[in-house]
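The values are calculated or read from the model by the stated rules, or taken from the named source; none is laboratory data. Everything quoted here is computed from the prediction, not taken from an experiment. Virtual Cβ from ideal backbone geometry, glycine too; neighbours counted across all protein chains shown.
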Amino acid sequence: MKVLLVHPSTLMYSEIFLRLEPLGLELIAQSVRQQGHEVRLLDLQVFSHKAYFDQLRGFRPHAIGFSLNYFANVPEIIDLAISARKILPKSFIFVGGHSASFIPENILEHAQEAVDCVIVGEGELTTAQVLESLPSASFKKLPGVVAHDGGGPKPDLISDMNDLKPARDLTRKRNKYFIGGFDPCASIEFARGCQWDCSFCSAWTFYGRKYRTVAPEIAAENLAAISEPNVFITDDVAFVYPEQGFAIAGEIEKRNIRKRYYLETRADVLLHNPDLFGYWRKLGLTHVFLGIEAIDEETLMQFRKRTDTDRNFKALEAARKIGLVVALNIIADPDWDENRFEAVRNWAIKVPEVVHLTVNTPYPGTEVWHKETLELTTLDYRLYDIQHAVRPTRLPLKKFYEELVNTQGVLNRKHLGFRGLWDVFGMATSLTLHGHTNFIKMLWKFNKVYNPERQFADHDREIRYKLTPPAQSASPPTGKALYVHRAQGNAAK
């Protein structure tokens, strides 16, 4: 069977700061290819819609799968699926991915007969099973499958991550993937899941608060197969188990693998394991992303971060001593006024870390989505991208965007001052001389992409597909009731 797997286009944030290889889709591709299917992978972050239609008419796939990891991509995927159904009426069309797992019925309703099923949960095993069952309708009974007239039970988590390998050879134009100055940059996965339960996040509801790791020797083997000099570690929280982090580092050192690394983790994980991150610093770790989310205790408690400002700030001090470049995220709430924006600007300017702002956005799959008092001002999927306000703002909406963009602009200029410009110029020059231009192009796009006029105008676009609001209930679901996969043992309590 000929199979085409499609990753949708970039979102607003990734127009500037990053463009990551579609690692999840590469893992799906390899699992399908191992079943003997002929697989092609098309990443619309890199290629145009014309390339998609060329594949439909030239390759003529028997099955077409879309990866939906972000709600803002729903309209694009629905439109592409409808177009595919018109060109190839007999092809099997399916959608999977993180965000798809929380709204399978909505996707099927929007697409009508253009989508045959939605694959819920981890898709490596289920996708291969679905394709093997065709052309019969038995796929509808498989765990993790939701179809128009049936569906199977909740899926189980994959039992052994060591068996998962990405089909990197199917990803074309790999030089287009980057994150900041990590240009070009590949991605790798050492672990899946998160044991915490932040109210705004869907990682724990997707993975059931399970945290699974790849064996150190397998992790190093996968890493050694990467040709790019820069690697982004995609784990939601890297090195929750420090022994795994030390073991992987030991395998890297033994094999003399030389890369530069960027990872995400929690402030308390870093604070409790400075020796581990110091070890990784010697092996090439230079950048760490920490989602501290807030600089006050009240908001941290509201988000249920299970940490406090003292530990967060101590973690920043520890990272500085190790010599790591830290990027921070602060969640801007629609309820902020001018004084709150100014307070955040003043704090962020004083610290040496790179500070980004994202907008507090309730998503399906998060606990906050089911809050009884949740009020939404729009159901346009495209605005659910953490760059737009979808809840009522205290300030007039346009003024909110002006404050948001002004704050982010001030923070960016902090790193593009005289000294910063000199450092950036040297980095950009070196990359350009080696033919890597993603980073230098990024530097000049901020004012075009982050523009209050643009963000405000986005609210007036015609809405063809609307997100279904949560059902109002006096006792909204919490905990295990929100899990995508069947609840399993050894999950965090």
Item to check | Selection status of Ala72, without any contact (Cβ under 8 Å) to a residue 12 or more places away in the chain, among the small types (Gly, Ala, Ser) and part of a helix (DSSP H, G or I) | outcome: no
Checklist entry - Looking at (1) touching a Leu at 6+ places or on another chain (Cβ under 8 Å); (2) under 25 Å from Pro470 (Cα atoms); (3) part of a helix (DSSP H, G or I), which is the only condition Glu105 fails? => result (1)
Checklist outcome for this item: So, first residue within 13 Å of Val355 (Cβ to Cβ) in the range 396-421, second residue at pLDDT below 95 and of a type in the set (D, E, K, R), Cβ within less than 7 Å, six or more apart or across chains; the pairs are Thr407/Arg345; Val410/Arg345
Next on the checklist: Taking the criterion of being under 18 Å from the mean Cα position of the chain (by Cα), surrounded by fewer than 22 Cβ atoms within 10 Å (Cβ to Cβ) and part of a loop (DSSP other than H, G, I, E, B), would at least one residue in the range 61-69 satisfy it?
Outcome noted: yes
Checklist entry - Name the residues in the range 230-245 that are of a type in the set (D, E, K, R) and within 19 Å of the chain's Cα centre (by Cα), would you? => result Asp235, Asp236
Checklist outcome for this item: Screening Arg306, Arg340, Arg345 for residues that are in the same structural domain as Gln387 (by TED's automatic domain parsing) and outside any helix (DSSP H, G or I) leaves only Arg306
Next on the checklist: Can you tell me how many residues within the range 11-37 are outside any loop (DSSP other than H, G, I, E, B), among the charged types (D, E, K, R) and at pLDDT 95 or above?
Outcome noted: 2
Next on the checklist: Residues to consider are Gly435, Gly489, Gly417; find the one that is within 27 Å of Ser9 (Cα to Cα), at pLDDT below 90 and loosely packed, with under 14 Cβ neighbours inside 10 Å.
Outcome noted: Gly435
Checklist entry - Say we look at the range 283-335 and pick out the residues that are among the charged types (D, E, K, R) and touching a strand residue (DSSP E or B) at 6+ places or on another chain (Cβ under 7 Å); which of these is farthest from Ile349 (Cα to Cα)? => result Lys305
Checklist entry - Scanning for something outside any helix (DSSP H, G or I) and in the same structural domain as Gln387 (by TED's automatic domain parsing), does the range 311-319 turn up at least one residue? => result no
Checklist entry - Inside the range 16-51, can you point out the residues that are surrounded by fewer than 18 Cβ atoms within 10 Å (Cβ to Cβ), in contact (Cβ under 8 Å) with a residue 12 or more places away in the chain and out of contact with any strand residue (DSSP E or B) (no Cβ under 6 Å at 6 or more places or on another chain)? => result Phe17, Gln34, Gln35, His49
Checklist entry - Does the range 123-134 include one or more residues that are without any contact (Cβ under 8 Å) to a residue 12 or more places away in the chain, among the hydroxyl-bearing types (Ser, Thr, Tyr), in contact with a helix residue (DSSP H, G or I) (Cβ under 9 Å, 6 or more places away or on another chain) and not in a loop (DSSP other than H, G, I, E, B)? => result yes
Checklist entry - Taking the range 310-348 only, how many residues are crowded, with 16+ Cβ neighbours inside 10 Å and free of Cβ contacts under 8 Å to residues at least 24 places away in the same chain? => result 1
Checklist entry - If you take the residues in the range 112-124 that are buried (at least 24 other Cβ atoms within 10 Å of the Cβ) and of a type in the set (A, V, I, L, M), which one is farthest from the chain's Cα centre (by Cα)? => result Val115
Checklist entry - From the list Lys398, Lys414, Lys350, which one is in contact with a Phe, Trp or Tyr (Cβ under 9 Å, 6 or more places away or on another chain) and among the basic types (Lys, Arg)? => result Lys398
Checklist entry - Any idea how many residues of the range 48-60 are under 16 Å from Ser91 (Cα atoms), basic (Lys, Arg) and assigned to a helix (DSSP H, G or I)? => result 1
Item to check | Single match in Gly278, Gly250 (criterion: modelled with pLDDT of 95 or more, within 21 Å of Val325 (Cβ to Cβ) and either surrounded by fewer than 19 Cβ atoms within 10 Å (Cβ to Cβ) or of a type in the set (Phe, Trp, Tyr) (or both)) | outcome: Gly278
Checklist outcome for this item: Exactly one of Ala294, Ala249 is touching a helix residue (DSSP H, G or I) at 6+ places or on another chain (Cβ under 8 Å) and within 29 Å of Pro362 (Cβ to Cβ), and that one is Ala294
